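Every number here is computed from the coordinates shown, using simple stated rules; none is lab data. Since the model is a prediction, treat every value here as computed from it, not as a measurement. All Cβ positions, even for glycine, are placed from backbone atoms using ideal geometry, and neighbour counts span all protein chains on display.
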Amino acid sequence: MLTKADDYPIHQTPEPIAYAGSDRNFYDRYFFNGYSADGHLYFAAALGVYPHLNIMDAAFGVRIGDIQYNIRASRHLNMERMDTQVGPIRVEVLEPLQRLRVVVDDNEHGITADIIFEGRTPPVEEPRVTRRNGPRMVMDFTRLTQLGRYSGWVHAGGQDVHFDGRQVQGVRDRSWGVRAIGARDPQEAVPAQVPQFHWFWVPAQFEDRGVLFLINEDAEGLAWHKSAVIVHDSGRIDHIDTATIEVAYQPGTRWPVSGTITMGDGTRIDLKPGPKFFMTGIGYLDPEWSHGLNKGPLAIGYDEIVANDINEFKPPYIYVQAVTRATLTTSDGRVQHGLGSFESLSMGPHRRLGFTGFCDGTAR
């Protein structure tokens, strides 16, 4: 059961607040993304709390045109979890489970923002994620996801972009529990396993409903975690028992160029992703700014990515999101056009798709 307290970074276990342990890898995290329909603007923000490492970090990245501007920050938590600000970046809960604010204050790198997320749909509690590496639990967390729209402004690269909910929509999530954070474990479980992860996440919004789809597949191509939810503006929430996705890739990579989700209720969603946003910009897979690293009392970093120059599928650029045009066809043939984001991360073997190495690409 989700409660208003779940929008604050005070979790202690992978359960919602209503339920209490400790683990070195425990985390509590905010994530946001927003995008314009034409793909010109795409931003993402994250703030993570790691109570047993005594670290808090945050990041904000925005792609305007072909350039992605990224600012990242890390500080010692000092055991105060309610002070959700790291350097110039902060997250405010204005109305739990409905309205949140992300601010990037003035800084030497010239990237600032003040944006407000407002939920269009109620937050959805996804199925709890559990995953072991041999005897060791490496993932055990809960996540809530909420579709919505953004108002506010972003300044980066000398450009100002002002917007409201008619122009920029997106999604936000909150997750908490256990996953690999901070410095790598010096003694991992035996026998050692080849790193493998194959993941798609597609939140999308249509005229009278939203869709939340996710799937994790193992090295054999079998799904070990998946969820498909349709959230109607009327308030009805449909949890679909079965759903699959078929994806076509940019040759030589694992970046999607199209996809089709087929749900057990007869719904089909055709996906056409646009320009990529590289998740390394907000710390994911970034070798210097991985989540939970101890970078001292306060550290701030900045870089820029010329997105169209990234053509080789290799770390840290293998993890991407993309603004995506989506076409929903119901079982009775009705069609709605919408917008969403298409997140993908694939590394390691995948027998069904023919991947054998860590990040070899496809020929199709």
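In table form, for the structure just shown:
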{"quantity": "Region 1-83: mean projected area of Cα convex hull, nm²", "calculated": "6.9 nm²"}
{"quantity": "Region 221-364, relative contact order in percent, only Cα pairs under 8 angstrom and at least six apart counted", "calculated": "25 percent"}
{"quantity": "For region 279-364, the fraction of alpha-carbon pairs in successive 10 Å shells from zero, as %", "calculated": "13, 32, 29, 19, 6, 1"}
{"quantity": "Cα principal axis extents for region 154-277, largest first, Å", "calculated": "52, 47, 36"}
{"quantity": "Mean Cβ neighbour count within 10 Å, used as a protection proxy, ranking 257-265, 278-286 highest first", "calculated": "278-286, 257-265"}
{"quantity": "Taking N as its residue count, the alpha carbon Rg of region 53-178 over 2.2 N^0.38 Å", "calculated": "1.20"}
{"quantity": "Estimated FRET transfer efficiency (residue 358, residue 306; beta-carbon r; R0 25 Å; 0.05)", "calculated": "0.50"}
{"quantity": "Nearest-0.05 FRET efficiency for residue 3 and residue 233, computed from C-beta distance (R0 22 Å)", "calculated": "0.40"}
{"quantity": "Net charge of Cβ neighbours under 12 Å - reference residue 350; Lys, Arg +1; Asp, Glu -1", "calculated": "-1"}
{"quantity": "Mean Cβ neighbour count within 10 Å, used as a protection proxy, ranking 333-340, 268-275 highest first", "calculated": "268-275, 333-340"}
{"quantity": "Ranked packing of 90-98, 205-213, most packed first, by mean Cβ within 10 Å", "calculated": "205-213, 90-98"}
{"quantity": "Spin-label zone in region 40-62 - amide nitrogen under 16 Å from a point set 7 Å from the Cα of residue 294 along the C-beta vector", "calculated": "50-57"}
{"quantity": "Under the Karplus curve 6.51 cos²θ - 1.76 cosθ + 1.60, θ = phi - 60°, whole-Hz ³J(HN,Hα) for region 140-151, x wherever Gly or Pro sits", "calculated": "7, 8, 10, 9, 10, 10, 9, 8, x, 9, 10, 10"}
{"quantity": "Residue among 112, 167, 154 farthest towards the positive dipole end of region 97-215, charges placed on Cβ", "calculated": "167"}
{"quantity": "Within-9-Å neighbourhood charge of residue 137 [Cβ basis; K, R +1; D, E -1]", "calculated": "+1"}
{"quantity": "Of (1) 61, 20, 17; (2) 32, 23, 20; (3) 27, 25, 22, the label for semi-axes √(5λ) of the Cα gyration tensor in Å derived from the coordinates", "calculated": "(3)"}
{"quantity": "Region 69-220, dipole about Cα centre (Lys/Arg Cβ +1, Asp/Glu Cβ -1), debye to the nearest 20", "calculated": "320 debye"}
{"quantity": "Overall dimensions of region 233-278 as given by Cα atoms, namely Rg and Dmax in Å", "calculated": "13.8, 43"}
{"quantity": "Local net charge near residue 111, Cβ-Cβ under 15 Å (Lys/Arg +1, Asp/Glu -1)", "calculated": "-4"}
{"quantity": "Region 88-156, relative contact order in percent, only Cα pairs under 8 angstrom and at least six apart counted", "calculated": "30 percent"}
{"quantity": "Mean Cα-pair separation over length for region 39-117, i.e. relative contact order, pairs under 8 Å, 6 or more apart, %", "calculated": "21 percent"}
{"quantity": "Distance between region 32-59 and region 161-181 - C-alpha centres, whole angstrom", "calculated": "7 Å"}
{"quantity": "q = 0.17, 0.25, 0.27, 0.30 Å⁻¹, region 117-175: log10 I(q)/I(0) [Debye, one scatterer per Cα]", "calculated": "-0.69, -0.96, -1.02, -1.11"}
